[in-house]
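Reviewing the structure listed below.
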Amino acid sequence: MYDAVLAGCRWLENTPWGVAVRASSWMYPVVLWVHFVGLSMWLGTSLTVDLRLMGVGVRRQTAVELSNGLFAWNWIGFGVAFLGGFLLLSAEATTYVTNTGFRLKLAVLTPLALIWHVVVQKKTRAWTQTGQTSAIGKWGGSIEFFLWISVVTASVGFLLTNAVTHP
């Protein structure tokens, strides 16, 4: 199985976009910046709704109104982050796939966080029907908040170990 994953990584690194990002002195930093901008949009909008569900923040809008207002920005941020992340992976897939932090982020935390994010988006209205967030809604926001912080922590761990091993 691992050999198949490595073969897929080598193929990805040899795609025109993987070679271009890796070979250019400026493309990798620009793509990394684009990835971080997308992540900032994605996580900023997600965590804002989570905090509102947990009862933190200005109460001018309900969690539903906030979620609805940020919905498009949330998914635009996801698309930008995904595209940037895919291009970064394409540049150094074999290096990334051997890193425990990256594998934890990609194989475990991100799918869990995405699935839970969709649940939160679908259930926000039900969790806040009375104008107050139900206990389940507060837990839902807290769980999503924790999952995204875990993804970020795994990413930082990956970046730090990658920087040490590949200066």
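Among the residues here, LEU32 qualifies as farther than 28 Å from SER142 by Cα and either touching a strand residue (DSSP E or B) at 6+ places or on another chain (Cβ under 7 Å) or among the hydrophobic types (A, V, I, L, M, F, W, C) (or both). A count restricted to region 94-108 and to residues that are surrounded by fewer than 19 Cβ atoms within 10 Å (Cβ to Cβ), modelled with pLDDT of 85 or more, hydroxyl-bearing (Ser, Thr, Tyr) and in a helix (DSSP H, G or I) stands at 2. Within the set VAL34, VAL30, the sole residue that is surrounded by fewer than 19 Cβ atoms within 10 Å (Cβ to Cβ), under 22 Å from the mean Cα position of the chain (by Cα) and free of Cβ contacts under 8 Å to residues at least 12 places away in the same chain turns out to be VAL30. Annotation note: of ALA63, ALA93, the sole residue that is more than 20 Å from ILE143 (Cα to Cα) and more than 17 Å from the chain's Cα centre (by Cα) is ALA93.
Scanning region 140-149 for residues that are within 10 Å of the chain's Cα centre (by Cα) and surrounded by fewer than 19 Cβ atoms within 10 Å (Cβ to Cβ) gives a single hit, ILE149. Looking only at residues of region 17-26 that are within 25 Å of the chain's Cα centre (by Cα) and outside any loop (DSSP other than H, G, I, E, B), we find that the one that is nearest to SER90 (Cα to Cα) is GLY18. Residues in region 125-151 that are in a helix (DSSP H, G or I) and either under 15 Å from TRP42 (Cβ atoms) or in contact with a Lys or Arg (Cβ under 9 Å, 6 or more places away or on another chain) (or both): TRP127, ILE136, GLY137, GLY140, GLY141, GLU144, PHE145, LEU147, TRP148, ILE149, SER150, VAL151.
Of the residues that sit in region 109-123 and are touching a residue at least 40 places away in the same chain (Cβ under 8 Å) and hydrophobic (A, V, I, L, M, F, W, C), which one is surrounded by the fewest Cβ atoms within 10 Å (Cβ to Cβ)? The extreme case among them is LEU109. Looking at the structure I just gave you, is ALA7 of a type in the set (Gly, Ala, Ser), loosely packed, with under 13 Cβ neighbours inside 10 Å, over 14 Å from the mean Cα position of the chain (by Cα) and at pLDDT below 95? Yes.
The values are calculated or read from the model by the stated rules, or taken from the named source; none is laboratory data. Not measured: the values here are computed from a predicted model. Quick reminder, even Gly has a Cβ in these numbers, built from the backbone with ideal geometry, and neighbours come from all protein chains shown.
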